[in-house]
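The values are calculated or read from the model by the stated rules, or taken from the named source; none is laboratory data. What you are looking at is a predicted structure, and each value in this text was computed from that prediction instead of being measured. Cβ placement follows ideal geometry from the backbone for every residue including glycine, while neighbour counts extend to all protein chains displayed.
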Amino acid sequence: MISETFLHSGLFNWFILPLLIFLARMTDVTLATLRNILLSKSVKYIVPFLGFFEVLIWLVAISQIMKNLQNPACFFAYAGGYSMGIFVGIKIEERLALGMQVVRIIIQTEPDKLIASLVQKNFGVTTIDGYGSKGPVKIILTVVKRKDIKYLQELIEESYPTAFYSIEDIRVANHGVFPKGETQTKVNYFNKIFPYGGSK
């Protein structure tokens, strides 16, 4: 058992307790970020469980704040944990790279070289004739997995460095042609966060 003397010591009040509050707040904000990401990607069944632990951890953190209103270190720890939770959540989102994106590429010259490169790498391609402010253009549309965006950008830069392109998130893509690679499943999402855990 932890002694009352230790719980009222300066070490506990000004270091250990704020550290615990910081870690709790960081964890609950990270879970909130992960919950929102999975919900937006229609991975719905795990979301209620994440929400349960998110709120539970938040209640523990806020209860300690309310019990220690005279301790400014707890306030700074709570705010710092919130900021760190956002940062960790962003890093998790980048690591997961969930979902699909549509890329629109506009080229003023013939896009044969780029189209050949995309087809060779098994990207689906749709071309449309258009007309821009400087004359006729070719519009290339392709839907890609988000994890392949950087690779696609490299192909564009190699083929047409001056090409204009835009990237937008899409919620659902039914059918399509995509580069061969790892199939993302609900289990894969967590393996990307914890690469040394889970099934082999």
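Considering only residues of region 87-133 that are of a type in the set (A, V, I, L, M, F, W, C) and within 11 Å of the chain's Cα centre (by Cα), which is nearest to S159 (Cα to Cα)? Residue satisfying both the conditions and the ranking: A97. One residue is enough: does region 4-19 have a residue meeting the conditions surrounded by 11 or more Cβ atoms within 10 Å (Cβ to Cβ) and not in a helix (DSSP H, G or I)? Yes, some residue in region 4-19 is surrounded by 11 or more Cβ atoms within 10 Å (Cβ to Cβ) and not in a helix (DSSP H, G or I). Any idea which residue in region 107-126 is surrounded by the fewest Cβ atoms within 10 Å (Cβ to Cβ), counting only those that are in contact with a Leu (Cβ under 8 Å, 6 or more places away or on another chain) and among the hydrophobic types (A, V, I, L, M, F, W, C)? Restricting to residues being in contact with a Leu (Cβ under 8 Å, 6 or more places away or on another chain) and among the hydrophobic types (A, V, I, L, M, F, W, C), the top hit is V125. The listed residues are R104, R95, and the only one of them that is surrounded by 13 or more Cβ atoms within 10 Å (Cβ to Cβ), of a type in the set (D, E, K, R) and modelled with pLDDT of 85 or more turns out to be R104.
The condition (being in contact with a Pro (Cβ under 7 Å, 6 or more places away or on another chain), among the charged types (D, E, K, R) and buried (at least 18 other Cβ atoms within 10 Å of the Cβ)) is satisfied by just one residue among K145, K138: K138. As for region 50-64, it holds no residue that is surrounded by fewer than 17 Cβ atoms within 10 Å (Cβ to Cβ), of a type in the set (S, T, Y) and at pLDDT below 90.
Within the option set K186, K150, being at pLDDT 85 or above, of a type in the set (D, E, K, R) and either under 17 Å from the mean Cα position of the chain (by Cα) or on the phi > 0 side of the Ramachandran plot (or both) holds for one residue only, K150.
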